[in-house]
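K.L.:
Submitted below is the structure of interest, expressed as structure tokens.
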Amino acid sequence: LMLNHPHDCPVCDEGGHCLLQDLTIAGGHGLRRYQGPKRTHRNQELGPLVAHEMNRCIQCYRCSRYYQEYTGYRDLGVMGIGSRVYFGRSRPGVLESPFAGNLVDICPTGVFTDKPSHTIGRRWDFQRQASVCIHCSLGCNLTAATRYRQVVRHEARLNSDVNGHFICDRGRYGYAYASAAQRPRMAMQAGAPAQTTEVLDRIRAAINTVTGQSGAASVAMAASSRGSLETLAMVQKACRQHGWTGPALVHTDRQARNLKTAVACLQPDLAVSMAGVAAARDVLVIGADPVNEAPMLTLALRQVQRQGGHVTVIDPRGVQLPFDCDHWAVSPERIGPVLQAIVREIGGSDAVPSLPPGPSDTYAVAALAKQLNGSPRPVVVCGTDIVTRTEIGLAAELARLLCRTHIVAGLFYTLGGANAFAAGLADGPEITSEAVVAGIETGAIRMLIVVENDLWSDFPDRPRLRAALAKLEHLVVLDYVDGPLNRQAADFVPTQ
């Protein structure tokens, strides 16, 4: 193994946490005596995230087995024979897998290394802290590495119930905002930097003025599902104490209703973890696009297929998964009737209406219901983005029916934000972005306090939103990322 290995440990990014380095020194082979010419390879350009140095390869096959067998993508693999074995792509190009960053952790040497943190420091130079990914609702565990008060790297942290040993590239490389130059770091007053205490005093005075003139209900707070548990709790507390319009989650009307319904349906006896999804034998996915909405769920579904299980997707979109599955391209208005027919076939209430006529639906529904009912480990996965409350409730009803005849059966929802489950548990009335804008237009809301929320991304009618924001007497924004709403605010306070 060491015959052709380069002597580049001092400049290798893997130095300090290299398994080959550890075993070589432990085995007493720290001195090199080979004087002949070494085999060399030409490296490939694999995109902006993963660096390739093929000369360090020890032909362990970990990368190709992980990339092809575990994740299901085929654009990287093994080529050559004997001592000329080569691990890479047939031609240089960006790796197609959204889990390609795990090659950095999988490789025991420095063949695949982390390109964004290249030359920033050695492993022992970093301060490392356990953290949780904030880029979807799955809550994958990771380790954040910092140097000189800047986040420079994310690595997977083992959690057997959630993400296992891996994370997706969105979680691994989605930390640039933390150290971005345009990230707001100072309080702003009318677009100019100001002391935080001065801005808070001005906000307090504005609240007293508006509530004194128009009552407490004229002040509204708009939080979102990416706010932390502490943030949402304080938003609720402020709204309850002062009688402000809220709390806590503000989304489009459909998203708010779906989230509340999903949280209400997800009972402890039905809920399964991602590890439970991966251990399932048959999975029905309803109105969800795992690769884009919850990437690590894709790996869990891939393990179902690897173990001989079957995955069926009911979704009108062109959902792309890295394995063979049944995709029912059912139009949005027919998802509900199809689920009703499945529930009826498995043994639900006779009051469930029959499926409207459609191409070959009757046979397919009967076959799927029989497959789920006969499966030793069935799981129902349901999205909350394109479906309605009816489909979310039917997914829970289907899981309950399967639990009657199965020891292991479960329900898994994909939600629309990092802390969406906690936001869905927030008590109080459902407040939507439509209701907030309508309140501003009628004059019922004169002051708006936006807490870690981007109304521009949730409200579809931007001219109407722009006109409504212009009518406010006072707009306050508390956030940790830059956005157009920050620059419109009369007062802005950065959050950590």
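The values are calculated or read from the model by the stated rules, or taken from the named source; none is laboratory data. Keep in mind that what you see is a predicted model, and the values were worked out from it rather than measured. Cβ placement follows ideal geometry from the backbone for every residue including glycine, while neighbour counts extend to all protein chains displayed. We work out accessible area using only protein heavy atoms, side chains counted, and drop any ligands, DNA or RNA first. Shrake-Rupley method; radii C 1.70, N 1.55, O 1.52, S 1.80 Å.
K.L.:
Quickly run through the stretch 115-134 and pick out the residues that are under 28 Å from T414 (Cβ atoms) and either hydrophobic (A, V, I, L, M, F, W, C) or buried (at least 19 other Cβ atoms within 10 Å of the Cβ) (or both).
P.N.:
Answer for the stretch 115-134, where residues must be under 28 Å from T414 (Cβ atoms) and either hydrophobic (A, V, I, L, M, F, W, C) or buried (at least 19 other Cβ atoms within 10 Å of the Cβ) (or both): A130, V132, C133, I134.
K.L.:
Something else about it: Output the residue which, of all residues in the stretch 170-191 that are among the charged types (D, E, K, R) and surrounded by fewer than 20 Cβ atoms within 10 Å (Cβ to Cβ), is farthest from H118 (Cα to Cα).
P.N.:
R185
K.L.:
Another one. Could you list, in sequence order, the residues of the stretch 222-239 that are open to solvent by 20 Å² or more (accessible area, probe 1.4 Å), closer than 15 Å to I449 by Cβ and touching a residue at least 40 places away in the same chain (Cβ under 8 Å)?
P.N.:
Once the filter is applied, which keeps residues that are open to solvent by 20 Å² or more (accessible area, probe 1.4 Å), closer than 15 Å to I449 by Cβ and touching a residue at least 40 places away in the same chain (Cβ under 8 Å), the stretch 222-239 yields T231, Q236.
K.L.:
Do we have T143 as surrounded by fewer than 17 Cβ atoms within 10 Å (Cβ to Cβ), in contact with a Ser or Thr (Cβ under 8 Å, 6 or more places away or on another chain) and free of Cβ contacts under 8 Å to residues at least 60 places away in the same chain here?
P.N.:
Values: surrounded by fewer than 17 Cβ atoms within 10 Å (Cβ to Cβ): yes; in contact with a Ser or Thr (Cβ under 8 Å, 6 or more places away or on another chain): yes; free of Cβ contacts under 8 Å to residues at least 60 places away in the same chain: yes.
Criteria met by T143.
K.L.:
Let me ask you something else. Scan the stretch 8-20 and report the pairs whose first residue is farther than 16 Å from V104 by Cα and whose second residue is of a type outside the set (A, V, I, L, M) and in a loop (DSSP other than H, G, I, E, B), with Cβ atoms within less than 6 Å and a gap of 6+ or a chain change.
P.N.:
Final answer for the pair search is C9/G15.
K.L.:
Is it the case that E69 is open to solvent by 50 Å² or more (accessible area, probe 1.4 Å), closer than 25 Å to G121 by Cβ, of a type outside the set (A, V, I, L, M) and at pLDDT 95 or above?
P.N.:
No.
K.L.:
Report those strands (runs of 3 or more DSSP E) wholly inside the stretch 1-117 carrying at least 3 residues which are in contact with a helix residue (DSSP H, G or I) (Cβ under 7 Å, 6 or more places away or on another chain).
P.N.:
Fully inside the stretch 1-117 and qualifying: 86-88, 112-114.
K.L.:
Something else: Kindly indicate whether any position in the stretch 294-308 is surrounded by fewer than 23 Cβ atoms within 10 Å (Cβ to Cβ) and in a strand (DSSP E or B).
P.N.:
No, every residue in the stretch 294-308 fails to be surrounded by fewer than 23 Cβ atoms within 10 Å (Cβ to Cβ) and in a strand (DSSP E or B).
K.L.:
Right, another one. Among what's in the stretch 192-221 and is surrounded by 12 or more Cβ atoms within 10 Å (Cβ to Cβ) and assigned to a loop (DSSP other than H, G, I, E, B), pick the residue that is nearest to the chain's Cα centre (by Cα).
P.N.:
Only one residue tops the list, namely A194.
K.L.:
Kindly state which helices (runs of 4 or more DSSP H) lie completely within the stretch 351-446 and contain at least 2 residues that are modelled with pLDDT of 85 or more and open to solvent by 30 Å² or more (accessible area, probe 1.4 Å). Give the derivation first.
P.N.:
Numbers: elements: 361-373, 389-405, 420-425, 433-442.
Of the helices (runs of 4 or more DSSP H) lying wholly inside the stretch 351-446, those with at least 2 residues that are modelled with pLDDT of 85 or more and open to solvent by 30 Å² or more (accessible area, probe 1.4 Å) span 361-373, 389-405, 433-442.
K.L.:
Hey, another quick one. Looking only at residues that are small (G, A, S) and in a loop (DSSP other than H, G, I, E, B) in the stretch 135-171, which one is farthest from S228 (Cα to Cα)?
P.N.:
Across the stretch 135-171, the extreme among qualifying residues is S160.
K.L.:
Applying the selection to the stretch 309-329, what residues are touching a strand residue (DSSP E or B) at 6+ places or on another chain (Cβ under 6 Å), under 20 Å from I386 (Cβ atoms) and surrounded by fewer than 21 Cβ atoms within 10 Å (Cβ to Cβ)?
P.N.:
Answer for the stretch 309-329, where residues must be touching a strand residue (DSSP E or B) at 6+ places or on another chain (Cβ under 6 Å), under 20 Å from I386 (Cβ atoms) and surrounded by fewer than 21 Cβ atoms within 10 Å (Cβ to Cβ): T312, V319, C325, D326, H327, W328.
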